[in-house]
1. Could you list, in sequence order, the residues of segment 376-428 that are among the aromatic types (F, W, Y) and outside any loop (DSSP other than H, G, I, E, B)?
2. Take the residues in segment 145-160 that are in contact with a helix residue (DSSP H, G or I) (Cβ under 9 Å, 6 or more places away or on another chain) and open to solvent by 70 Å² or more (accessible area, probe 1.4 Å); name whichever of them is farthest from K120 (Cα to Cα).
3. Only one residue in Q34, Q26, Q10 is in contact (Cβ under 8 Å) with a residue 12 or more places away in the chain, away from ligand 1 (no atom under 13 Å from the Cβ) and buried (at least 20 other Cβ atoms within 10 Å of the Cβ), so which one is that?
4. Pull out all pairs, ordered by first then second residue, where Cβ-Cβ is under 7 Å, the residues are six or more apart or on different chains, the first lies in segment 397-423 and is assigned by TED's automatic domain parsing to the domain that holds T384, and the second is of a type outside the set (A, V, I, L, M) and open to solvent by 60 Å² or more (accessible area, probe 1.4 Å).
5. Look through segment 171-215, keep the residues that are without any contact (Cβ under 8 Å) to a residue 60 or more places away in the chain and closer than 23 Å to E260 by Cβ, and return whichever of them is surrounded by the most Cβ atoms within 10 Å (Cβ to Cβ).
6. Identify, by number, the condition in (1) within 13 Å of ligand 1 (Cβ to nearest atom); (2) of a type outside the set (A, V, I, L, M); (3) surrounded by fewer than 24 Cβ atoms within 10 Å (Cβ to Cβ) that D21 doesn't meet.
7. Filter segment 37-54 down to residues that are in a loop (DSSP other than H, G, I, E, B) and within 13 Å of ligand 1 (Cβ to nearest atom) and give me whichever is most open to solvent (accessible area, probe 1.4 Å).
Amino acid sequence: MSNMVIIGAQWGDEGKGKIVDLLSAQSDYIVRFQGGNNAGHTVIVDGEEYILHLIPSGILHQGKVCLIGNGVVLDPAVFCQELDTLASKGVDVAPAYLKISRKTHLIMPYHRALDKAREKARIEGEKIGTTGRGIGPAYEDKVTRIGVRAADLEDLQLLRRKVEIALVEKNALLTSLYNCPAISADEVMAELTPLAERLVPYLADVSGVLGQARLEGKTIMFEGAQGTHLDIDHGTYPFVTSSNTVAGNAAAGSGLGPRELERIIGIVKAYTTRVGGGPFPTQLDCEIGRHLQSQGAEVGATTKRVRRCGWFDAVLVRESVRLNSLTELTLTKLDVLSGLKELKICVAYKYRGEEMQYPPQAEAALAEVEPVYETLPGWSEDITGAKSMADLPAGARAYIRRIEELVGVKAGLISVGPDRNQTFSACS
Ligand code: GDP
Ligand code: IMO
Ligand code: MG
């Protein structure tokens, strides 16, 4: 068995949670390496739905060790809520099976406040549509070197001092610029002190745990959050999240070297969706878009916002293949396309008279491109019960094969419904 990196190849919500859960059966360790509780990863097992925001989606498999790496930003309150929600569904997670890196940066109440205040102050058209979870401000403090790290929960005196220092600037911004109430160190400590007691048993040297796991020949799966085109460097800047979402960050964000990354699986939805602001060349503001939205139940797992929907964009996924060194794709939500007479795939962009195989790089350029479409016949059959390629209508098989050709990588798995068992090999 090889180590696997699972990443989203579009704008998030491709079905990573479902696939991580499924493939967890083949891994000993499952690691989140970036992002925070902006993520919403849905796993459905025997009709029961679990939405995981911070805890890796492998947690439903007994005996697997789930790790939260240094590249994540962790909100202690959300972590504890998630433990409680899992416990209420009969999943009790002992610290032996869930560990947080001491180097993981923490999301503080002032990060959440600043994220919301900034978003509110942005004018229409410039709003990023963040999840309001404090992700950007927490990464900002990490980079500015005033961040609070999980290890600080073991030293509440140090934690308080760091909070006091951070609050000097945060309160100036919150009160003077954004007209929000100031936050006191006492308030922050009142929230954190009881949470610290709960979190400290979960703290670990995650890099060390992973290094030892490799010495013992154990298998590791890296669970990406968000999607490649939300990457802080390679995404549709500034309409992106604040971390590197690409596969390469699985190494830096967990404390393992890049030679350990073996299979790199890009999760790809059979069409395209986006939640929040930013350009979306293949967006459909018509009946077909509404069909995809309702058939695909395209509502955000974290913020409950309706996701914008559009045709499959091979230009974006082609770039994801390059940015992540994808070794294979998993194509999800193919069932949602059933019932459409014709399907379009964007095979290239037209930008200022030129045809482009990859997205243009200038900031506003993606909003200007015109998709070049190819049309394929659709199919009308319900495919949610398909168990192999042979069970799919010819139209569905041709659609998959065309996507593989256009992006240059083969599909490994096909998903035709939200449940674990609605998945089969593309070689079947
Ligand atoms: P993630 O953030 O990438 O883990 O994806 P989300 O969980 O936010 O969104 C994917 C949604 O699609 C969830 O509601 C899943 O239960 C659902 N889903 C996953 N795979 C399939 C599929 O093949 N078909 C259908 N109809 N739904 C799916
Ligand atoms: P999963 O892991 C889809 C989007 C937000 C917003 C932008 C920045 O479930 O695929 P942030 O709060 O991160 O500063 O918001 O990124 N976004 C996501 N979109 N899926 C996600 O995660 C997302 N996480 C953030 O909507 O446009
Ligand atoms: Mg999601």
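1. Within segment 376-428, Y399, F424 qualify.
2. Here the answer is E154.
3. Numbers: Q26 fails: buried (at least 20 other Cβ atoms within 10 Å of the Cβ); Q10 fails: away from ligand 1 (no atom under 13 Å from the Cβ).
One residue alone meets the criteria, Q34.
4. From segment 397-423, the pairs are E404/K410.
5. R214
6. All conditions pass for D21, except number (3).
7. Step one: filter segment 37-54 for residues in a loop (DSSP other than H, G, I, E, B), giving 37-40, 46-47, 53-54.
After this cut, where a residue has to be within 13 Å of ligand 1 (Cβ to nearest atom) as well, the list is 37-40, 47, 53-54.
Numbers: N37: 8, N38: 22, A39: 4, G40: 12, G47: 66, H53: 39, L54: 0 Å².
Here the answer is G47.
Per-residue answers, yes or no, for (1) more than 16 Å from ligand 2 (Cβ to nearest atom); (2) under 18 Å from P281 (Cα atoms); (3) assigned by TED's automatic domain parsing to the domain that holds L376:
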site	(1), (2), (3)
Q295	yes, no, yes
S320	no, yes, yes
N324	no, no, yes
L337	yes, no, yes
K341	yes, no, yes
P360	yes, yes, yes
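The values are calculated or read from the model by the stated rules, or taken from the named source; none is laboratory data. A quick note: this is a predicted structure, and the numbers were derived from the prediction, not measured. Because the Cβ atoms are built from the backbone with ideal geometry, glycine has one as well, and the counts that use them run over all protein chains shown. Just the protein is used for accessible areas: all its heavy atoms, side chains included, with ligands, DNA and RNA removed. Shrake-Rupley method; radii C 1.70, N 1.55, O 1.52, S 1.80 Å.
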